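Derivation of every value follows stated rules applied to the coordinates shown; laboratory data play no part. Since this is a predicted model, take the numbers as computed values, not measurements. Quick reminder, even Gly has a Cβ in these numbers, built from the backbone with ideal geometry, and neighbours come from all protein chains shown.
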Amino acid sequence: MSSSRVDRIRRIAEAILDKKGEDVVALDVHEVSSFADGFVLATGNSDRHVRTIADGVIECAKKELGEQPLGIEGLDDGRWVLIDLGDVVVHVFQREVREHYDLERLWSDGDRLPLGDDDARSAAP
């Protein structure tokens, strides 16, 4: 994966952490997916928190990365929000939804990307 794409993913992860998102994981899936190069997964502790995290990602994409999301799903409900940024897809879940769908296991053939200094804060348990 190109360094600019990894930098974008790291900035998205930072935006999530700025909103107190938990268990942030970035996956490089470009070799196992035909529709995305990277996934960023995060957990919020309520529907309001999930929406706040998602809003932070959307704002980061627009203002800092100069990108309009191609699609946003689940923002009204706040249990699982998907933000499609083209080659990067962001998933923000409530904990029980994340555990149920277990995308880390589903996409385990992808490589986990280091997120820099925040790895300790963002590593899944």
Which distance in nm do the two modelled labels at Gln68 and Ser3 give, with both placed 7 Å along the Cα-to-Cβ direction? 3.1
All other residues with a Cβ under 9 Å from the Cβ of Arg112 taken together, and with Lys, Arg as +1 and Asp, Glu as -1, what is their net charge? -3
Can you work out the Karplus-derived ³J(HN,Hα) for every residue in the range 13-29? Use 6.51 cos²θ - 1.76 cosθ + 1.60 with θ = phi - 60°, whole Hz, and x for glycine or proline. 4, 4, 4, 5, 5, 4, 9, 6, x, 10, 6, 6, 10, 10, 10, 8, 10
